[in-house]
Amino acid sequence: MENQRIRNGRVTIHDVAAAAGVSISTASKALNNTGRMGDDTRERVKRVATEIGFRPNALAKGLLSNRSFTIGLLTNDTYGRFTLPVMAGITEALVDHGVSVFLCTIEDDPALGKVHVDAMLDKSVDGIIASGKRIDRRLPVDLSHLPVPVVYAFTEGTPGSVTFCADDFQGATLAVEWLMGLGRRRIAHITGPESFVSVRERARAYRSLVGDTLPVLYGTWSEAWGHEAVAKLWGTPGPKPDGIFCGNDQIARAVVDALRERDVRVPQDVSVVGFDNWEIVAAQTRPPLTTVDMNLKALGREAGLTVLALAEGRAVEPGIRTLPCELVVRQSCGGNPDH
């Protein structure tokens, strides 16, 4: 009869208790890691629950623990360039904990931001992760003094919060040191607006290794700027760069194209490195682009586990946490590709 009931409908806590040979109360406590019992009993109940396909109802779990097992992700990155890998990491970190993530995009609209925050609170989310397009700007909505924990990932946090960001200085150092290791000695830096703290950090790393031989070329985050910057460099009398470190992959792709138009070979004559490891750009560049990966998925995982810890009442030290970048070597530099 028990097996018939399991086959014909949803597996319940009653089924788990019967199959494990324990009371319903013991089964519930074992699955929720509460109560006093032997480790062998707790493990047996969990094993049986897995074997017969028991999936605890989220509402029932919430009633037991006063949690909804949902996390809200709030972002103004409507294109998803930065938020999608962050969300992938958050989801990967939380799925094994039975926690779901739902995404709300607010563009740069404070009124829409408030609507979404209120909706999240109405749904009794266990916490909120705020993510953005740059690390030195806050989302256009006040997330301080909310009744749930808030963690910030790739956006500026409030005082006393936990904020995760990529280590731009370290990432730029990887790029320039790689170029230098290939024997490049006249390395140029073409990057985005100087108003971005990430741009200044990357330029600072570049300067610390290369010095003041060439000016840092600040511009926009666009392919048009990449073409314009190459025109400036190749239109200036004197020796030309043999290596170019670019502030993002769009600029780098344009630099490669602009060099090809001038019959400058990449990587034989000039090695080029980008930043971001935006696959749709980096892998499609010809030759494919060596670039710095900010490890946004790993950043998302850390943010997810941190908001979960806060939701469970565990103490978490506030502050800014920078995660290391890594260099993804393709063919735009020469050297040995890292697969």
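The values are calculated or read from the model by the stated rules, or taken from the named source; none is laboratory data. Just so we're clear, the structure is a prediction, and the values are computed from it rather than from any experiment. In this analysis, Cβ positions are derived from the backbone assuming ideal geometry, glycine residues included, and neighbour counts consider all displayed protein chains. The area values use the complete protein model at the heavy-atom level, side chains included, leaving out ligands, DNA and RNA. Shrake-Rupley method; radii C 1.70, N 1.55, O 1.52, S 1.80 Å.
Within segment 132-182, being closer than 16 Å to N295 by Cβ, assigned to a loop (DSSP other than H, G, I, E, B) and acidic (D, E) holds for one residue alone: D167.
The number of residues in segment 63-117 being closer than 17 Å to R138 by Cα, of a type in the set (G, A, S) and surrounded by fewer than 19 Cβ atoms within 10 Å (Cβ to Cβ) comes to 2.
Looking across segment 252-302, the residues that are more than 18 Å from the chain's Cα centre (by Cα) and among the hydroxyl-bearing types (S, T, Y) come down to S271, T285, T290. Residues being part of a helix (DSSP H, G or I), touching a helix residue (DSSP H, G or I) at 6+ places or on another chain (Cβ under 7 Å) and within 22 Å of R330 (Cβ to Cβ) are represented in segment 213-223 by at least one member.
So which of A315, A254, A303 is over 21 Å from G181 (Cα atoms), outside any helix (DSSP H, G or I) and of a type in the set (G, A, S)?
Step by step, each of A315, A254, A303 is checked, and only A315 is over 21 Å from G181 (Cα atoms), outside any helix (DSSP H, G or I) and of a type in the set (G, A, S).
I'd like the residue in segment 27-41 that is of a type outside the set (A, V, I, L, M) and buried (at least 18 other Cβ atoms within 10 Å of the Cβ) and, out of all such residues, is farthest from I52 (Cα to Cα). Looking at residues that are of a type outside the set (A, V, I, L, M) and buried (at least 18 other Cβ atoms within 10 Å of the Cβ), I get K29.
Taking first residues from segment 14-32 that are more than 21 Å from G98 (Cα to Cα) and partners that are acidic (D, E) and in a helix (DSSP H, G or I), the Cβ contacts under 6 Å between residues at least 6 apart in sequence or on separate chains come to A18/E2. Please tell me if R55 is open to solvent by 50 Å² or more (accessible area, probe 1.4 Å), at pLDDT below 90 and either assigned to a loop (DSSP other than H, G, I, E, B) or closer than 28 Å to T306 by Cβ (or both). The answer is yes for R55. Checking G192, G238, G226 one by one, the residue that is over 20 Å from R134 (Cα atoms), out of contact with any Asp or Glu (no Cβ under 9 Å at 6 or more places or on another chain) and assigned by TED's automatic domain parsing to the domain that holds G274 is G238 and no other. Take the conditions at pLDDT 90 or above, open to solvent by less than 30 Å² (accessible area, probe 1.4 Å) and of a type in the set (D, E, K, R) and apply them to D126. Does it pass? Against the criterion (at pLDDT 90 or above, open to solvent by less than 30 Å² (accessible area, probe 1.4 Å) and of a type in the set (D, E, K, R)), D126 qualifies. Suppose the filter is in a loop (DSSP other than H, G, I, E, B), open to solvent by less than 40 Å² (accessible area, probe 1.4 Å) and touching a strand residue (DSSP E or B) at 6+ places or on another chain (Cβ under 9 Å); does G334 pass it? The answer is yes for G334.
Which of the residues that make up segment 184-214 are without any contact (Cβ under 8 Å) to a residue 12 or more places away in the chain and over 24 Å from the mean Cα position of the chain (by Cα)?
Going residue by residue through segment 184-214, those that are without any contact (Cβ under 8 Å) to a residue 12 or more places away in the chain are 195, 200, 207, 211-212.
Residues satisfying the conditions are R207, G211, D212.
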